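To start, the structure under review is shown below, and the notes come after it.
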Amino acid sequence: MAAIIRLNTGTALCISFVLMLFVGAPGHADDAPELIFVQTGPFRVRELRRQAEEELRLLESGDGRPADLADAVYRFETWVRDQGYPDGSVTAQMISLTPQGELTVDMAGEFAGVDEIRITVDAGERVFLGEVDFDGADHFPEDDLRAYFPRGRRVPYVEQRIRSGVEQVARLYELDGFVRREIGPPESERAERDGRIRADVRVPVREGPRFVIREIRVESDPLGLDDIERLENAVGLVGEPYYPRQAVSGALTLRRALGQDGYEPAVTHDVDLDEDGRATIVYRVDPGPVRLVDDVVARSLDDRELRTSDQLIRSLLRLDEGDVVDYAELDRSRAELYSLGLFAFVNVEVEPVEPARDPQPSTVYVELEERDSRHLDLEAGWGAHELLRGAVSYTDRNLFGLGRRFTTTAHGSFRTFGAELSVSDRMVFGPASTVTLSGRYSYRDGVALDETAAGAELSLSYAYTREWSVAAGYSFEWSRAYNLDVETEGVEESTVVTSRVGFAVEYDTRDSVLNPTTGGRLSVSPAVSFPLGSEISMVVELDTAGQYHMGLAPNTALSLSGEHRVRYLPATDATLPIQDRLFLGGTTSVRSFGTDELGLPSRRGVPRGGLSSLQGTAELRFRVQERLSPALFYDLGFLSADSFGLDGDWGHGVGAGARYNLPVGPLRLDVAYNPGERYAADRGWAVHFAVGLSY
């Protein structure tokens with residue numbers, strides 16, 4: 001078993017994990033009503049139950065209310081209709097079993113005295129979507145409009161999807177200037193074709209005139225003609241299709257432009273639409289007085305004193321005494337404060353000190369609600385080679401109140417121990433960049449050798465977009481390999497000091513870093529290592545990894561992942577120290593092996609490592625409760641003694657497990673069987689219990 005416990009400083013002890021052994025389906029309380037599906041139509045009971053798991057859990061545990069039953073019925077009926085049964089209905093009856101017979105209990109009452117809840121599904125006939133036509137559509141081709149509706153000969157007819165398509169068509173017309181359009185309501189007619197009942201849909205379209213913005217006018221008595229002309233040019237909407245949000249967008253542009261000059265303006269607008277399709281937007285602007293910075297004050301919104309230093313807050317606001325208050329810059333500063341992840345709420349207010357003056361000296365108040373930034377994590381787990389393992393980690397995300405992240409971790413098992421610490425900074429180059437300085441020390445009693453290592457690394461990562469990121473780093477490492485049990489030429493006890501320069505590019509569209517269910521990730525990481533003070537040659541490294549996650553059905557997800565690693569020595573007579581070679585097997589590799597037990601054994605059956613490796617995983621997860629997901633998986637691994645080699649040893653792992661989702665990531669129990677060669681493993685199966693997924 002494994003557990004994670006998080007202790008938050010300044011708060012009570014919070015236990016984040018419940019042993020999965022005790023997590024199961026909710027039981028039926030003695031005084032709770034019995035839930036009976038009298039009629040389910042073409043559906044299985046388990047399919048229906050899956051649609052309202054939480055509501056049914058409350059009802060069957062005795063904690064439910066009539067409102068929960070009503071919610072469950074609504075979910076059942078919505079799901080039935082989404083399967084193509086537009087006339088489907090679901091009813092529930094509350095029954096009290098008395099000596100006089102069965103009595104129906106009013107749904108407005110309580111569950112006291114209710115013995116059974118009987119649910120009946122009347123699905124009706126199944127209907128498939130037929131043709132979708134548009135009457136009166138001239139501006140857009142009908143094929144373009146049909147793109148907003150489901151397509152295919154086996155698509156169920158769902159009224160909600162049709163209404164959604166009509167709304168999207170109406171939105172398309174509006175964004176192109178047809179603000180007086182009338183789309184729908186849709187009309188349907190059912191007929192039998194190809195052995196199925198099909199519903200043909202007709203959507204009436206009344207386009208009306210198309211309006212284009214022909215003129216933008218700004219009216220303001222306090223502003224001069226040059227300022228008015230500058231503002232009219234800043235709006236920049238002339239020639240674009242008119243729709244209501246365009247006028248609002250122009251008003252925001254005016255506020256930002258005047259906010260940069262220290263004004264907090266009042267802006268109103270009117271729109272004139274003539275019969276020829278011309279739109280004129282008139283903005284009336286009262287700029288108000290210019291405001292100058294008199295002071296910047298940071299204050300907490302709760303009773304706690306702010307940990308974040310005034311120096312950090314002032315540096316992000318970039319305001320000095322006497323500066324013009326730039327409201328656009330204040331908005332940017334507020335967003336940057338949020339991006340640090342230190343605050344639950346950020347607000348910036350500007351209050352004049354002397355309202356009668358123009359320009360007005362004003363105090364800029366930064367109101368903050370800080371998150372708890374310090375916590376202690378405890379972790380325990382099990383590995384096939386390490387046996388019982390544990391770790392303790394302390395994190396401060398606001399070190400010295402300067403927004404720096406500090407983490408230190410100590411970990412150990414029956415075969416390993418070590419410690420790491422790191423400091424990260426997002427201030428030096430802006431919030432999209434992270435500079436990290438880290439150090440580590442470790443010892444491990446491995447299958448093939450014992451190793452002691454220590455090192456330090458300086459890295460810089462930059463999030464170019466939400467999906468794309470790049471990173472570069474330099475590391476320095478000392479390692480010593482001893483107690484080798486390998487009879488291979490060129491493998492010997494050694495102490496190596498290595499200088500390494502690396503680079504990485506990553507594309508990530510996953511919906512979650514900790515527990516992804518959709519999207520994918522691809523990363524490429526080349527690096528060059530230069531051993532110092534020894535005759536060992538330079539090593540070129542290339543690591544490529546990818547993942548893809550997809551939902552196959554409700555509550556079912558498939559994850560595919562793969563990784564290819566290469567160590568290339570340009571010098572033909574060079575050898576790579578065993579502590580720098582590649583190994584496979586373990587908690588995050590081919591799980592039917594213990595750590596480093598897969599492939600390339602010596603005559604004694606001890607692994608000697610390789611220069612290239614390839615591994616892949618396919619994992620299917622089924623969510624049976626909100627947090628609990630059983631899983632089936634297949635792992636495949638390949639290890640070669642040559643760089644880019646194709647001849648080597650293959651290992652397989654077939655297994656099952658369970659994942660219990662926690663805020664820090666899923667707890668994972670895996671049991672895997674090895675149907676092939678065992679190599680350095682002494683048995684054909686392995687058990688792993690860890691935090692986080694294997695990929």
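Looking only at residues of the stretch 649-677 that are of a type in the set (D, E, K, R) and free of Cβ contacts under 8 Å to residues at least 60 places away in the same chain, we find that the one that is nearest to E379 (Cα to Cα) is R668.
Going by the structure shown, is P244 surrounded by 13 or more Cβ atoms within 10 Å (Cβ to Cβ) and not assigned by TED's automatic domain parsing to the domain that holds F178?
Taking the combined requirement at face value, the residue does not satisfy it.
Of the residues making up the stretch 661-695, just one is surrounded by fewer than 18 Cβ atoms within 10 Å (Cβ to Cβ) and of a type in the set (S, T, Y), namely Y673.
Quick test of your reading of the structure: R153 fulfils all but one of (1) of a type in the set (K, R); (2) touching a strand residue (DSSP E or B) at 6+ places or on another chain (Cβ under 6 Å); (3) in contact (Cβ under 8 Å) with a residue 40 or more places away in the chain. Name the failing condition by number. That leaves (2) as the condition not met.
Count of the stretch 413-449 residues, restricted to those that are surrounded by fewer than 16 Cβ atoms within 10 Å (Cβ to Cβ) and outside any strand (DSSP E or B), is 5.
L21 falls short on exactly one of the conditions (1) at pLDDT 80 or above; (2) surrounded by fewer than 19 Cβ atoms within 10 Å (Cβ to Cβ); (3) outside any loop (DSSP other than H, G, I, E, B), and that condition is (1).
Within the stretch 631-642, restricting attention to residues that are among the small types (G, A, S) and either surrounded by fewer than 17 Cβ atoms within 10 Å (Cβ to Cβ) or in a strand (DSSP E or B) (or both), which residue is nearest to the chain's Cα centre (by Cα)? If you could, list the steps in order and put the result at the bottom.
Pass one, the stretch 631-642, residues among the small types (G, A, S): 631, 637, 640-641.
Subsequent filtering for residues that are either surrounded by fewer than 17 Cβ atoms within 10 Å (Cβ to Cβ) or in a strand (DSSP E or B) (or both) retains 631, 637, 640.
On the way: A631: 20, G637: 28, S640: 35 Å.
Checked the stretch 631-642; the qualifying residue nearest to the chain's Cα centre (by Cα) is A631.
Where residues in the stretch 279-290 are closer than 21 Å to G224 by Cα and hydrophobic (A, V, I, L, M, F, W, C), which of them is surrounded by the most Cβ atoms within 10 Å (Cβ to Cβ)? That would be V285.
Residues to consider are G195, G177, G208; find the one that is among the small types (G, A, S), over 30 Å from G262 (Cα atoms) and buried (at least 18 other Cβ atoms within 10 Å of the Cβ). Going through G195, G177, G208 in turn, just one is among the small types (G, A, S), over 30 Å from G262 (Cα atoms) and buried (at least 18 other Cβ atoms within 10 Å of the Cβ): G177. Determine whether the stretch 102-111 contains at least one residue that is under 19 Å from G124 (Cα atoms), surrounded by fewer than 20 Cβ atoms within 10 Å (Cβ to Cβ) and in contact with a helix residue (DSSP H, G or I) (Cβ under 7 Å, 6 or more places away or on another chain). Among the residues of the stretch 102-111, not one is under 19 Å from G124 (Cα atoms), surrounded by fewer than 20 Cβ atoms within 10 Å (Cβ to Cβ) and in contact with a helix residue (DSSP H, G or I) (Cβ under 7 Å, 6 or more places away or on another chain), which makes the answer no. Might you let me know whether the stretch 564-581 holds any residue that is more than 23 Å from V496 (Cβ to Cβ) and in the same structural domain as L387 (by TED's automatic domain parsing)? Yes, the conditions are met somewhere in the stretch 564-581.
Here is a yes/no grid of residues against (1) surrounded by 14 or more Cβ atoms within 10 Å (Cβ to Cβ); (2) closer than 20 Å to G177 by Cα:
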residue: R214; (1), (2): yes, yes
residue: L225; (1), (2): no, no
residue: G239; (1), (2): no, yes
residue: V248; (1), (2): no, yes
residue: T253; (1), (2): yes, no
residue: G262; (1), (2): yes, no
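Taking each residue of the stretch 628-645 that is not assigned by TED's automatic domain parsing to the domain that holds G586 and looking for partners that are buried (at least 17 other Cβ atoms within 10 Å of the Cβ) and assigned to a strand (DSSP E or B) with beta-carbon atoms closer than 7 Å, six or more apart or interchain, yields nothing. Considering each residue of the stretch 373-391 in turn, none proves to be surrounded by fewer than 17 Cβ atoms within 10 Å (Cβ to Cβ) and not in a strand (DSSP E or B).
Please work out if P675 is in the same structural domain as T556 (by TED's automatic domain parsing) and not in a strand (DSSP E or B). The answer is yes for P675. Of all residues in the stretch 306-321, those that are within 17 Å of P431 (Cα to Cα) have Cβ atoms under 9 Å from Cβ atoms of residues that are of a type in the set (D, E), 6 or more apart or on another chain, in T308/E370; R314/D320; L316/E336; L317/E329; R318/D326; R318/E329.
Table: residues versus (1) part of a strand (DSSP E or B); (2) at pLDDT 95 or above; (3) under 33 Å from the mean Cα position of the chain (by Cα); (4) within 19 Å of V539 (Cβ to Cβ).
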| position | (1), (2), (3), (4) |
| --- | --- |
| L458 | yes, yes, yes, no |
| S461 | yes, yes, yes, no |
| R466 | no, no, yes, no |
| Y474 | yes, yes, yes, yes |
| D485 | no, no, no, no |
| T488 | no, no, no, yes |
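For the stretch 89-108, the tally of residues that are modelled with pLDDT under 70, charged (D, E, K, R) and in a strand (DSSP E or B) stands at 0. Picking from residues in the stretch 109-148 that are aliphatic (A, V, I, L, M) and closer than 30 Å to L35 by Cβ, the one that is modelled with the lowest pLDDT is A112. Scanning the stretch 428-473 for residues that are β-branched (V, I, T) and either touching a strand residue (DSSP E or B) at 6+ places or on another chain (Cβ under 6 Å) or farther than 30 Å from S333 by Cβ (or both) turns up V428, T434, V435, T436, V447, T452, V470.
Kindly establish whether A380 is in the same structural domain as L669 (by TED's automatic domain parsing), within 35 Å of the chain's Cα centre (by Cα) and among the small types (G, A, S). Considered against the rule, which asks whether it is in the same structural domain as L669 (by TED's automatic domain parsing), within 35 Å of the chain's Cα centre (by Cα) and among the small types (G, A, S), A380 comes out as yes. All of V324, V293, V267, V297 fail the test of being more than 32 Å from the chain's Cα centre (by Cα), surrounded by fewer than 18 Cβ atoms within 10 Å (Cβ to Cβ) and either basic (K, R) or over 17 Å from L368 (Cβ atoms) (or both), apart from V324. Would you list the strands (runs of 3 or more DSSP E) that sit entirely within the stretch 126-219 and hold 1 or more residues that are touching a Leu at 6+ places or on another chain (Cβ under 7 Å) and more than 29 Å from A247 (Cα to Cα)? Of the strands (runs of 3 or more DSSP E) lying wholly inside the stretch 126-219, those with at least 1 residues that are touching a Leu at 6+ places or on another chain (Cβ under 7 Å) and more than 29 Å from A247 (Cα to Cα) span 127-135, 196-206. Residues that are β-branched (V, I, T) and more than 21 Å from G390 (Cβ to Cβ) within the stretch 647-670 comprise just one, V654.
The values are calculated or read from the model by the stated rules, or taken from the named source; none is laboratory data. Quick caveat: nothing in here was measured; it's all calculated off a predicted structure. With ideal geometry, Cβ positions are generated from the backbone for all residues, glycine too; neighbour counts draw on all protein chains shown.
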